Amino acid sequence: MMKLKIYWMPAIIAILLGACIGLATLLIQDNRKSQRPFSFADIVKATTPSVVSIYSQKFTKRHWIDKAAITQTTSLGSGVIITSDGFILTNHHVIQNAQSITVALNDERRLAANLIGSDPSTDLAVLKIQLNDLPSLQIGQSEEVQIGDQILAIGNPFGIGQTVTSGIISAKGRNSIGLNTYENFLQTDAAINPGNSGGALVNMQGKLIGISSAIYSSSGGSQGIGFATPINDAMNVMQDIISHGEVIRGYLGMEAQKITHNLANNLALPSEYGLLVSDITNESPADKAGIEVGDIILEINQTPSRDPIQIKRLIASLKPGTSISLLGLRGRQSYQTKITLDKQPAMQRITY
């Protein structure tokens, strides 16, 4: 019997050899990558062009007996380009009482900025520069942020120039700091210093998740406790300011305090939870609806009323003209009523 010659063997060997060489090359490349030190460089390169430095000037005229002089005070801060046509988010305190505002871009161009509007209650402000095709940051979802997430803070601390620091989200929903009327801060241990105010807090995808606002410090420098306004809240404020020149909030016109076990015992209250009404503003929606001092508010819009800060934010998030349902207790008699919210008036003391 004749033996058949196997002509296809060399081709199979060549294919297998090529596959082995390719696999070895990939393994070598992966090994080299794994040996590289971890770096934020790519995220920094993508995000820093959208963060600006802000210089606000105030001029004061001083009089002496025989002459007068004008002194200039310059405040430093940071801002974030939100749209490619020049809308910028920053903090209200960065531009407060400023008579002129200058924005310095990452490429060292300097432009005069117009103040579109500001909201002292959240310490946010919106500026506009006359320039197009600006690099703007991708907007993230601050509601998706988790405690422990890595973040970067970008700003202009102490006016020394753009600086990047890293850290994690230390806490969410900080609302009793006493800085603003409406607080819902992200807390971070990234170094935030004077001048960082209004700068960017970005995640590891390079998306904007917060506007740096303040630090908790006994020395004036960073001690690992910084606060940022969540971007979802900041964008809502910005949209209102652009559309209306101010933030439009709902207004109920009452003040209340949380009922605790001790408070309920001391005042012999019929309920150990809810909000105890302590003040009603004359001619306010609460006043017109017949709410009285001493009433206990159990629910608003089917939301249990156990946290006065949460209820304040709920009312403020609704627009004037919105109807809310309120479940209350007067003595031992419960009642339910509907109230139409007014527009929150400009005032120093903010009620519900």
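The values are calculated or read from the model by the stated rules, or taken from the named source; none is laboratory data. The structure displayed is predicted, hence computed values, not measured ones. Here the Cβ is made from the backbone with ideal geometry for all residues, glycine too, and neighbour counts use every protein chain on show. In case anyone asks, the SASA skips ligands and DNA or RNA and just uses the protein heavy atoms, side chains included. Shrake-Rupley method; radii C 1.70, N 1.55, O 1.52, S 1.80 Å.
Restricting to the stretch 73-109, give me the number of residues that are part of a strand (DSSP E or B) and touching a residue at least 60 places away in the same chain (Cβ under 8 Å). Give the steps one after another, and end with the answer.
Let us first name the residues in the stretch 73-109 that are part of a strand (DSSP E or B), namely 73-81, 87-90, 100-104.
Subset that is touching a residue at least 60 places away in the same chain (Cβ under 8 Å): 76-80, 87, 89-90.
Of the residues in the stretch 73-109, 8 are part of a strand (DSSP E or B) and touching a residue at least 60 places away in the same chain (Cβ under 8 Å).
Considering only the stretch 176-184, I want to know if a residue exists there that is over 14 Å from Asp123 (Cβ atoms) and either part of a loop (DSSP other than H, G, I, E, B) or without any contact (Cβ under 8 Å) to a residue 12 or more places away in the chain (or both).
So in the stretch 176-184, the residues over 14 Å from Asp123 (Cβ atoms) come out as 176.
Next cut, either part of a loop (DSSP other than H, G, I, E, B) or without any contact (Cβ under 8 Å) to a residue 12 or more places away in the chain (or both) only: 176.
Taking every residue of the stretch 176-184 in turn, at least one turns out to be over 14 Å from Asp123 (Cβ atoms) and either part of a loop (DSSP other than H, G, I, E, B) or without any contact (Cβ under 8 Å) to a residue 12 or more places away in the chain (or both).
Give the stretch 74-84 a look and list any residue that's modelled with pLDDT under 95 and not small (Gly, Ala, Ser), or say none.
Answer for the stretch 74-84, where residues must be modelled with pLDDT under 95 and not small (Gly, Ala, Ser): Thr74, Leu76.
For the structure I just gave you, tell me whether Thr340 is open to solvent by 60 Å² or more (accessible area, probe 1.4 Å), in contact (Cβ under 8 Å) with a residue 40 or more places away in the chain and in contact with a Ser or Thr (Cβ under 8 Å, 6 or more places away or on another chain). Break it down into steps so the answer makes sense when it comes.
Numbers: open to solvent by 60 Å² or more (accessible area, probe 1.4 Å): yes; in contact (Cβ under 8 Å) with a residue 40 or more places away in the chain: yes; in contact with a Ser or Thr (Cβ under 8 Å, 6 or more places away or on another chain): yes.
So Thr340 fits the description; yes.
Residues that are open to solvent by 10 Å² or more (accessible area, probe 1.4 Å), at least 3 per element: which strands (runs of 3 or more DSSP E) completely within the stretch 205-292 meet that?
207-215, 254-258, 275-280
Quick check on my filter: what residues within the stretch 82-97 are on the phi < 0 side of the Ramachandran plot and open to solvent by 30 Å² or more (accessible area, probe 1.4 Å)? Can you show your working first?
The first filter runs over the stretch 82-97 and keeps only residues on the phi < 0 side of the Ramachandran plot, leaving 82-85, 87-96.
Within the stretch 82-97, Thr83, Ser84, Asp85, Phe87, His93, Gln96 qualify.
Being open to solvent by 20 Å² or more (accessible area, probe 1.4 Å), at pLDDT 90 or above and acidic (Asp, Glu) is the filter here, so list the residues in the stretch 293-315 that pass it.
Residue satisfying the conditions is Glu299 alone.
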